[in-house]
Amino acid sequence: MTSSARPFLNRRLAEFGTTIFAEMSALATRTGSINLGQGFPDTDGPEEIREAAVRALREGRGNQYPPGPGVPELRTAVAAHQLRRYGLSYDPDTEVLVTAGATEAIAASLLALLEPGDEVVALEPYYDSYAACIAMAGGRRVPVTLRPHHGEGGPSFRLDLDELRAAVTGRTRLLLINTPHNPTGTVLTREELTAIAELAVERDLLVVTDEVYEHLVFDDAEHVPLATLPGMRERTVTIGSAGKTFSFTGWKVGWVTAPSALVTAVRSAKQFLTYVASGPFQYAVAEALASPESYFTAFREDMRAKREVLAAGLAEAGFTVFRPAGTYFVTTDIRPLGETDGFAFCRSLPERAGVVAIPNAVFYDHREEGAPFVRFAFCKQIPVLEEAARRLKALAG
Ligand SMILES: *Cc1c(COP(=O)(O)O)cnc(C)c1O
């Protein structure tokens, strides 16, 4: 939180200073540490997809403003992907909207759908843009905390469905869901999602669901899109993105799928944010989405292997490891190391071990709930993760 921003920044955004990622990435650079803070891959996605972008650029496709809803090729590819994988049918012309990454999709959805004072129930800890976008829309966030649970499959963060039900009031406009969940790595089960769906139907709520990690689920976990559950398609705005799935986070190509009335509303806000973005990249992502199943399987397998390396290293260093069922983050508990304050721990980690991580508390309204948790990203090359694991052993003494 930079105090220098305070004199000018308005009240809606006053609590949101510079993001922790900027601070921690600067710290990584300054100290020559391995940066496992921000979640971006250290290798680019498939060469063919990169070449597809080059081709589009050379052939003059997308170098000028693309159509407001996105290029038809990409909208068709998004619709085909939802149908092929999930049996969800969307009309590419009226029910798909291309955005400047999932970030713009989240912003536009909240700006379009919320009246000032509306309450948004969101799973805490949450992706940092949620709180800021709810604030910009004049909404009120109502966090429901995912809590550590020590089950048979090892520790994980779970949703308390009674708490979720209790959080819904007469002023609740929408549920903001994220599965697979960043930063905890939790993948909501079909039972949990069914309960969320029943609640949304019963209380007539809209649902915005951030599914950018839909292709990153491991072991027995299954990604169930909320829109596939009974009564949900008509009330759900589903958000996807190419950044995480194809390892091109800089391209900023995301999308929304929803019934046409909802897409129309979201587009009304989106047209005054970026209007359009990423022209040539939209063509490349259209090709990427049509990749054979072997691409997605290999990608998942690669990330699973990386998870193994980092999770093992963290356990050996003495952390309690919440082995993620999805995403490319692993959350740890630092208390076995004799630590309680994730902020202080992350600020000292570069000095102590030459590694940068993110204190999960930044993703909480109830800072104290998140205090002992620290997140590490494993979307890095195996030798980098091995070196990080080696360095972290210093903590075990
Ligand atoms: C990375 C991320 C985003 C942002 O995606 P972009 O397509 O890069 O804008 C949104 N939600 C979650 C949960 C993320 O981890």
Long-range amide H contacts for Gly139: which residues qualify at under 5 Å (H placed 1.01 Å from N, peptide plane, sequence gap of 5 or more or a different chain)?
Gly117
Would region 218-307 count as rounded, prolate or oblate if I go by the C-alpha gyration tensor, calling it rounded below 1.5 in a/c and otherwise prolate when a/b exceeds b/c, oblate otherwise?
oblate
Reachable lysines from Lys393, criterion Cα separation under 21 angstrom, eight or more residues apart if same chain
Lys306, Lys380
Connecting every pair of Cα atoms under 10 Å apart in the chain and solving the GNM, the largest mean-square fluctuation among Arg12, Arg347, Arg84 falls on Arg84
Given contacts defined as C-alpha pairs under 8 Å and at least six residues apart, what's the relative contact order of the chain, whole-number percent?
23 percent
Note down the relative contact order for region 280-354 as a percent, whole number, built from C-alpha pairs under 8 angstrom at least six residues apart.
17 percent
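Over 34 Å apart: what share of the alpha carbon pairs of the chain falls there, rounded to a whole percent?
Details: 21314 of 78606 pairs.
Taking all Cα-Cα pairs of the chain, the fraction more than 34 Å apart is 27 percent.
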Could you work out how far the C-alpha centroid of region 242-306 sits from that of region 1-73, in angstrom?
14 Å
Quick one: 3J(HN,Hα) in Hz for region 318-325, Karplus 6.51/-1.76/1.60 with θ = phi - 60°, rounded, Gly and Pro as x.
x, 6, 7, 9, 8, 5, x, 7
Amide H of Asn178 versus every other amide H placed in the peptide plane: which residues, excluding those fewer than 5 positions away on the same chain, fall under 5 Å?
Leu123, Asp210
Along region 292-309, what does the Karplus equation 6.51 cos²θ - 1.76 cosθ + 1.60 (θ = phi - 60°) give for ³J(HN,Hα), rounded to whole Hz, x for Gly and Pro?
x, 3, 4, 4, 5, 5, 5, 4, 4, 5, 4, 5, 5, 4, 5, 4, 4, 4
Going out from 0 in 5 Å bins, what whole percent of all Cα-Cα distances in region 28-79 drops into each bin?
4, 14, 14, 18, 14, 13, 9, 10, 5, 0
On full extension of the chain, what length is gained from Leu273 through Leu9, given 0.36 nm per residue of separation minus the C-alpha to C-alpha distance?
93.1 nm
Residue-ordered couplings for region 79-88, obtained by feeding phi - 60° into the Karplus form 6.51 cos²θ - 1.76 cosθ + 1.60 and rounding to whole Hz (Gly and Pro as x), are 4, 5, 4, 5, 6, 5, 7, 10, x, 8
Listed highest first by mean packing, meaning other Cβ atoms within 10 Å per residue, what order do 161-174, 96-109, 179-192 come in?
96-109, 179-192, 161-174
If each DSSP helix of 4+ residues adds -39,500 (n - 2.57) and the sum is divided by the residues in the chain, what number results at 222 nm, nearest 500 deg cm²/dmol?
-12500 deg cm²/dmol
Based on DSSP, what percent of beta bridges with both residues in the chain are antiparallel, to the nearest 5?
55 percent
Once you have a ≥ b ≥ c as the square roots of the Cα gyration tensor eigenvalues for region 175-254, tell me rounded if a/c is under 1.5, and otherwise prolate or oblate according to whether a/b is larger than b/c.
oblate
Counting just the Cα atoms, what span does region 19-176 cover along each of its three principal axes? Round to the nearest Å and put the largest first.
54, 48, 37
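Read-outs: derived from the displayed coordinates by stated rules, not from any lab. Being a predicted model, the structure only gives us computed values, none of them experimental. Quick reminder, even Gly has a Cβ in these numbers, built from the backbone with ideal geometry, and neighbours come from all protein chains shown.
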